[in-house]
Amino acid sequence: MSTVVVLASLFGLGMCFSLLGSISVKLMPRLEIDQGKFGTLVSIFMFSCLVASLVMGVAVDSVGYKPIALFGFLMTAGCIFYLANSKSYKLITIPCLLLGFGAMAMNVVGNTLAKHVLFGGQNEAAALNLGNVFFGLGLFVTPIVVSFLFQKTTYEKAVASLGVLIIVPAILVFSATFPDKSPGFAFEQAVQLLGNPAVLVSALVLFCYISLEASFCNWLPMFGKDVIKKDAPSMDATAADASAQRLLSLFAIGMMASRLAASFLASKVTIVKDNPAAFFIVGAALVSGILIVAMINTRKTRTAQVLATLAGIAFAPVFPTVVGVTFGKFSSDVHGSVLGIIFAIGLAGAVIAPKAIGNLSRGSSVQKSLKLLVPVCGVLLLLGLAITAVKNPASDSQGDDMADDVQVEQAIDDAEAELPAETE
């Protein structure tokens, strides 16, 4: 049952990250706001996630998984119900703010437990890539469900249906068995992690990656509308909205397929297994930069759909690979805190990038504003090369100690071999 809770947590995290983008085409007219104010809502949610990531990371190490998992599902469902019924811009900022705490509770449960329940705890990068396929599933299902229901029922009922979907796993938490909280955890350990080079480089990689992913999750539908206006200006508004929303689902399909493939490669192919971080991160940076340039210039809906799918394929392995590689450098006692720190710093990118795109698009379009993401791909490329060169000093010292122990044991064995045989 704990495996189901882990996968449901990652599914719920995907829902949270695609929620605002999925409902944007209906939410903005409902609240009578422009792209700039919608970008502010995204930034509020992401800033909330930033703060909550630090809190939930330390909390799961100190109090255990069950209460954090239960809190995550219930808080997320409550925020979605509130979001469904809010009719003013001021009121809707409240669920956007609180949603970050529910999302990060599910994030820390899903991403710290996945490595235990998948692949027998032997391959963190492969386990996290496979587990995060369900993040992609949540990313995929959310726009599909709401785009269908928006055509069949009211806004309130369509959005509330997502709350019902996420509250069901909360029931399973009571019957699930989780690992005990880390007996060796101390708050001082979490504080010391802030200055660790391995943590800082991983956090900077996630800053760039989450800038890209959050921008796509929240602006792909509006990017789609920009392209549709050029390609099919006479298309019915409702049909155009539905078509634009499906770009987010195509992006999610690309992510799911890519993470399944990455999970296999990270566990079976030697060149990837030995250095998954450089393989996936550098590749993602190169391909993503090319795709974004193509998206800025496309005028065809079909091309936009292909590019959105390819972007999902390129982005997908970066997050789970970075987390898996980083976990491998630390004791499991502090994995929650490690995830909380690197994800919090990474989320600063999600606070800045989507808002910047929204502001720039006021006098232009979302499509043209995607050019802000090209330099991010360049920085990600450099960090992908750097992450493999950075080692955890603690791990190095532990390795030296182990080597010393082996040398001592070998010396003892050699000395015993040189002693004369005992006579009877």
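The values are calculated or read from the model by the stated rules, or taken from the named source; none is laboratory data. Predicted, not measured: the structure shown is a model, and the values here were computed from it. Cβ placement follows ideal geometry from the backbone for every residue including glycine, while neighbour counts extend to all protein chains displayed. For accessibility, only protein heavy atoms count, side chains too; no ligands or nucleic acids. Shrake-Rupley method; radii C 1.70, N 1.55, O 1.52, S 1.80 Å.
Observations, loosely collected:
- Against the list (1) touching a helix residue (DSSP H, G or I) at 6+ places or on another chain (Cβ under 7 Å); (2) assigned to a helix (DSSP H, G or I); (3) open to solvent by 10 Å² or more (accessible area, probe 1.4 Å), the condition GLY384 fails is (3).
- LEU74 meets each of the listed conditions (1) farther than 14 Å from THR142 by Cβ; (2) of a type outside the set (Asp, Glu); (3) open to solvent by less than 40 Å² (accessible area, probe 1.4 Å) apart from (3).
- Test: residue in the stretch 312-329 that is modelled with pLDDT of 90 or more, open to solvent by less than 10 Å² (accessible area, probe 1.4 Å) and small (Gly, Ala, Ser): yes
- Some residue of the stretch 253-266 being assigned to a loop (DSSP other than H, G, I, E, B), over 21 Å from LYS371 (Cβ atoms), touching a helix residue (DSSP H, G or I) at 6+ places or on another chain (Cβ under 8 Å) and modelled with pLDDT of 85 or more: no
- Candidates VAL60, VAL55, VAL42, VAL108, filtered to the one that is within 17 Å of ASN218 (Cβ to Cβ), in contact (Cβ under 8 Å) with a residue 24 or more places away in the chain and in a helix (DSSP H, G or I): VAL42
- Only residues that are over 23 Å from GLY384 (Cβ atoms), open to solvent by 60 Å² or more (accessible area, probe 1.4 Å) and part of a helix (DSSP H, G or I) were counted across the stretch 287-302, and they come to 2.
- Residue that is farthest from THR177 (Cα to Cα) [pool: residues in the stretch 34-58 that are open to solvent by 20 Å² or more (accessible area, probe 1.4 Å) and of a type in the set (A, V, I, L, M)]: ILE44
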